[in-house]
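Trainee: Structure provided below as structure tokens; questions to follow.
The values are calculated or read from the model by the stated rules, or taken from the named source; none is laboratory data. What you are looking at is a predicted structure, and each value in this text was computed from that prediction instead of being measured. As a convention, Cβ positions derive from the backbone with ideal geometry for all residues, glycine included, and neighbour counts pool all protein chains shown. Quick note on the areas: whole protein, heavy atoms, side chains included, nothing else; ligands and nucleic acids left out. Shrake-Rupley method; radii C 1.70, N 1.55, O 1.52, S 1.80 Å.
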Amino acid sequence: MNSNGTSAPVSVVVIGVEDLDTSLEFYAGTIGLEVAETRTWQGPDFEQYWQVPARTAARCAFLKHGADPVGRIQLMEFDSSDRKLIRRPGIKRATGLFNINLYTSNIQKDYEQLSAQGFNFWSAPAHADFGPGVGETMEVAFDGPDGVVINLVELLTKDPKTMIGHLYEYVAEYGRTATGFTEVVTTAHSVVDMEKALAFYYGPLHMKLFVDSILEGAETNRVLNLPEDSRTHSVLVQGAHEYGKIALAAPMNYEVPNLVPDAVPPNIGYLAQSFQVADLKATARASADVGAEEFSAPLEIDLPGRGKCAAMLVRNPGSGALQELFQIL
């Protein structure tokens with residue numbers, strides 16, 4: 001477990017990109033995230049860490065917003081010739097790391113502007129009413145750069161006694177980018193075994209339960225782009241921050257494609273979730289105890305945007321998706 005008991009939110013999402021400059025136009029230009037570091041990353045430690053062939057390199061950019069080390073984005077353009085797209089267009093639900101959620105201040109404006117730029121939206125922005133104690137939102141999903149699904153959420157309820165009103169006040173105080181967005185507030189992870197996935201998030205990372213529900217019914221499944229009789233176990237977990245939550249989903253009576261085998265470097269798409277821990281050795285032991293297989297062994301390495309770290313990559317036992325664990329030295 002995280003040795004001091006701190007609950008770790010998603011600190012960074014790692015995305016393999018087809019073209020770094022094009023992806024930066026979106027994440028830095030349109031979304032307005034700050035480019036904290038760019039570099040060409042290469043060398044024996046890099047090759048060992050990402051399990052790529054000798055002499056592989058990656059052009060990288062590290063983007064952030066706000067004061068806290070949460071919800072940041074690391075873009076990596078590997079120079080390999082045999083890259084493939086992890087998520088093909090048209091796949092709207094799959095095992096593995098799937099989407100990133102951003103709060104926006106004006107979803108209708110974003111929908112119109114991004115549509116004009118050629119982004120493929122799954123629908124028009126849809127109103128969601130979660131009841132009097134929770135509140136209301138407008139949401140829309142689209143195919144972002146590099147096959148990563150982007151879900152935009154506008155918080156409508158302002159009453160601080162509601163869950164969404166509380167978040168509205170938090171975002172207003174924490175701040176948005178110059179273009180009206182936030183960093184990554186939630187990210188989706190679809191799993192095969194919910195119990196094993198939660199054992200990893202609750203154990204080594206000390207995350208906490210936020211919401212646990214069964215998604216079912218014709219109206220819900222229309223929003224989810226699923227057959228009417230589908231049932232989905234949905235669990236939202238949270239670290240010690242309002243941002244960096246994980247929305248876990250496990251199909252209960254239907255099959256979905258599996259993105260995990262292709263979600264490795266040098267491929268293009270959502271590669272890994274990354275978590276900052278206080279004691280990597282202790283977290284590595286706790287990860288092994290819950291069945292998280294090692295992808296790359298712990299080593300000291302200079303990580304983009306974070307500097308000198310002890311870090312490793314493991315596979316989540318509930319899906320096989322890559323999870324980066326790092327301790328700043």
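Trainee: At each listed q (0.16, 0.19 Å⁻¹), what is the log10 of I(q)/I(0) that the Debye formula gives for region 22-74 modelled as equal alpha-carbon point scatterers?
Mentor: -0.57, -0.72
Trainee: Identify which of Leu259, Leu226, Leu102 has the largest mean-square fluctuation in a Gaussian network model of the chain, with springs joining Cα atoms closer than 10 Å.
Mentor: Leu226
Trainee: If I build a Gaussian network model for the chain, linking alpha-carbon pairs within less than 10 angstrom, which residue out of Ala286, Ala124, Ala310 has the largest mean-square fluctuation?
Mentor: Most flexible of the set in this elastic network: Ala124.
Trainee: Let a ≥ b ≥ c be the square roots of the eigenvalues of the Cα gyration tensor of region 97-235; is it rounded (a/c under 1.5), or, if not, prolate (a/b larger than b/c) or oblate? Can you show the working numbers first?
Mentor: Numbers: a/c = 1.40, a/b = 1.20, b/c = 1.17.
Cα axes put region 97-235 in the rounded bin.
Trainee: Given +1 on the Cβ of Lys and Arg, -1 on the Cβ of Asp and Glu, and no further charges, what dipole in debye does region 170-329 carry about its Cα centre, rounded to the nearest 20? Don't skip to the answer; put the middle values down first.
Mentor: Values: 11 positive and 19 negative charges, 78 e Å.
The dipole of region 170-329 has a size of about 380 debye.
Trainee: Stokes-Einstein D for region 64-145 at 20 °C, 1.002 mPa s, Kirkwood Rh over Cα pairs, in µm²/s?
Mentor: The diffusion coefficient I find is 135 µm²/s.
Trainee: Using the Kirkwood radius built from alpha carbon pairs, what does the Stokes-Einstein equation give as D for region 218-269 at 25 °C and 0.890 mPa s, in µm² per second?
Mentor: 181 µm²/s
Trainee: Report in % the part of the accessible area of the chain that belongs to carbon and sulfur, leaving out ligands and nucleic acids; probe 1.4 Å.
Mentor: Result for the chain: 49 percent of the exposed heavy-atom area is carbon or sulfur.
Trainee: Could I ask something else about it? Pairs of Cα atoms under 8 Å, at least six residues apart: use those to get the relative contact order of region 148-217, whole percent.
Mentor: 12 percent
Trainee: Another question, if that's okay. Hey, could you grab the Kirkwood Rh for region 182-322? Inverse mean 1/r over distinct alpha carbon pairs, Å, one decimal.
Mentor: Computed over region 182-322, the radius equals 16.4 Å.
Trainee: Counting pairs of alpha carbon atoms under 8 Å apart in space and at least six apart in sequence, what relative contact order in percent does region 192-305 give?
Mentor: Normalised by residue count, the contact order of region 192-305 is 24 percent.
Trainee: For region 31-135, what is the relative contact order in percent, using Cα pairs closer than 8 Å and at least 6 residues apart in sequence?
Mentor: 17 percent
Trainee: Kirkwood-based Rg over Rh for the chain (C-alpha set), two decimals?
Mentor: Answer for the chain: 0.94.
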